[in-house]
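Worksheet: one structure, shown below.
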Amino acid sequence: MPKPILTGLFLALAAISAAWAQRPPAGEHAVRPLDQVIAEARTAVPPAFPQARCAPDLVELTTLDPTLRLAIGYATRDNFLHAPVYAEARAFLQRPVAEALVRANRALRPAGYALRIHDAYRPWWVTKVFWEVTAPADRAYVADPAKGSVHNRGCAVDVDLVDLATGQPSSMPSDYDEMSQRSHADYSGGDAEARRHREVLRAAMEAEGFKVLKEEWWHFDHASSSDYPIMNLPFEAILDRSAEIAGAGQVLLVTTPGWDGARGSLQRFERRGGTFVPVGGPLSVWIGHSGLAWRSDDGAPPPPAPGPVKREGDGRSPAGLLTFGDMWGYAPAPPEGVRFAYRMSTECDRCVDDSEDVEYGRLVRTASPEAPVTWRSAEHLRLDTEHYRYMVVIHYNDLRPRKSAGSCIFLHVAPPPGGGTAGCTALAVDDLLALLRWMDPARNPLLLQVPEPALEAVRAAWHLPPELRPISR
């Protein structure tokens, strides 16, 4: 029979062993069960973040480049949580970020390497889980959900290298997701060959506009990250446009009888209690003198129904979902009650519509009205007519202009008796002023323009709320 002191020792060791076997995963400090943390994070509401310049356009990476390798550990138990957080091993990025990543992957091939993706777009709730379960001492390696992560914007990617000759991952100074000095981008210890692989990866990514995170050699943020919003969209909802609608507090629905008419109707909607309700009655609106055409700019989704595609000089307004920029006008200050950021236009302000010029699609202020320019054609923002007395930029092909996709799209005045535009959306001055006073940039207003016969196809493809529909006068 064991002596009492040995019995006590055995019991203590057994207790320590049991506690060690049930310890949280490395880096985790949460006392609550992980499934409870995940359940709460999934239902949490993200904090309000500043309005973004670009509407989301997440694209699945393997659809752009099927040679990209995936190692999505967060879809398995092979991660620092030791539990899956994604239902599927998929990777998404905003389209221009995804295209940059594809270029980096192709550039690595002559050197005998390819990219392997560990993570890309990450819903906000996952960032909240990572923060909650990580010990405060290790939180330099995870993003604060109060600020959001570049992963949440779809503009960050976690990558390493694969050796094309062997098909095996190339050695690196640390494991992926390791929370230690070895994971730092400037870590000088360890194996020289592993450090060389790290620098090959970094050079390829930086050449395409990415910047490495100093604490993690595998984490790269793209230069366009500030253009996109923090998102909490599940993977299964990415291929529709519901993310844009979900983030909007106001919608301007413009419908026309068909593709080719210049007259239409505008109905305002605002979100109340989780649904959109109409505000006021329909307003008469004028669009491009040739009608509507599906968006063809950077970020345009595949057309959900047959129809023409927007081109420079076609006299058509872009069909689809669009966001708004700043307001311009002839007066020193905006009309009373208007909340848009405002700029007074001068004789030096232009919108370049020469698709061959480096400034195509952009608003430019010249040094003087007679200053030499590089473009062959541009619109003046200060006109002899009333068209641009009140004008709001519609973000179409202006942030990352695509050649010949169309340019200089605005919401502006339609002087009496009204008529078709060159591609803008226009209202009678009193209607426009009422609309501008109602619109609140803080509520992320969206413009949805579509021919009425195509509306149901759009609704099905983009999961539009059923209440967004024309209302009879």
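Could you please tell me which pairs satisfy a Cβ distance under 6 Å, a separation of 6+ or placement on different chains, a first residue in the stretch 71-86 that is touching a residue at least 40 places away in the same chain (Cβ under 8 Å), and a second residue that is among the β-branched types (Val, Ile, Thr) and in a loop (DSSP other than H, G, I, E, B)?
Listed pairs, sorted by first residue: 74/85.
Give the stretch 376-391 a look and list any residue that's of a type in the set (A, V, I, L, M, F, W, C) and within 25 Å of residue 308 (Cα to Cα), or say none.
378
Taking the options 198, 182, name whichever one is assigned by TED's automatic domain parsing to the domain that holds residue 82, without any contact (Cβ under 8 Å) to a residue 12 or more places away in the chain, surrounded by 15 or more Cβ atoms within 10 Å (Cβ to Cβ) and part of a helix (DSSP H, G or I). If you could, list the steps in order and put the result at the bottom.
On the way: 198 fails: without any contact (Cβ under 8 Å) to a residue 12 or more places away in the chain.
Answer to the selection: 182.
Any chance you could count how many residues in the stretch 279-301 are touching a strand residue (DSSP E or B) at 6+ places or on another chain (Cβ under 9 Å), assigned to a loop (DSSP other than H, G, I, E, B) and over 19 Å from residue 263 (Cβ atoms)?
The number of residues fulfilling the criteria is 6.
What's the number of the condition residue 230 fails, among (1) outside the structural domain of residue 42 (by TED's automatic domain parsing); (2) under 25 Å from residue 45 (Cα atoms); (3) touching a residue at least 60 places away in the same chain (Cβ under 8 Å)?
(1)
Within the stretch 49-106, track down each residue that is surrounded by fewer than 19 Cβ atoms within 10 Å (Cβ to Cβ), under 21 Å from the mean Cα position of the chain (by Cα) and of a type in the set (Lys, Arg).
53, 90, 103
In the stretch 335-360, how many are over 28 Å from the mean Cα position of the chain (by Cα), assigned to a loop (DSSP other than H, G, I, E, B) and surrounded by fewer than 20 Cβ atoms within 10 Å (Cβ to Cβ)?
Total satisfying the criteria: 6.
Quick check on the stretch 422-473: of everything there that is assigned to a helix (DSSP H, G or I), of a type outside the set (Gly, Ala, Ser) and out of contact with any strand residue (DSSP E or B) (no Cβ under 8 Å at 6 or more places or on another chain), which residue is surrounded by the most Cβ atoms within 10 Å (Cβ to Cβ)?
If we filter the stretch 422-473 for residues that are assigned to a helix (DSSP H, G or I), which is where we start, we get 429-438, 441-443, 452-462.
Checking the rest, the ones that are also of a type outside the set (Gly, Ala, Ser) come to 429-433, 435-438, 441, 443, 452-453, 455-456, 458-459, 462.
So of that shortlist, the ones also out of contact with any strand residue (DSSP E or B) (no Cβ under 8 Å at 6 or more places or on another chain) come out as 430, 437, 453, 456, 459.
Values: 430: 10, 437: 14, 453: 14, 456: 14, 459: 16.
Only one residue tops the list, namely 459.
Under 7 Å by Cβ, and 6 or more places apart or on different chains, what pairs join a residue from the stretch 99-118 that is more than 15 Å from residue 165 (Cα to Cα) with one that is assigned to a strand (DSSP E or B) and of a type in the set (Gly, Ala, Ser)?
Close Cβ pairs satisfying both conditions: 105/114.
Which of the residues spanning the stretch 45-84 are of a type in the set (S, T, N, Q) and either at pLDDT below 85 or not assigned by TED's automatic domain parsing to the domain that holds residue 123 (or both)?
51, 63, listed by residue number.
The values are calculated or read from the model by the stated rules, or taken from the named source; none is laboratory data. Since this is a predicted model, take the numbers as computed values, not measurements. FYI the Cβ positions are ideal-geometry reconstructions off the backbone, even for glycines, and counts take in every protein chain you see.
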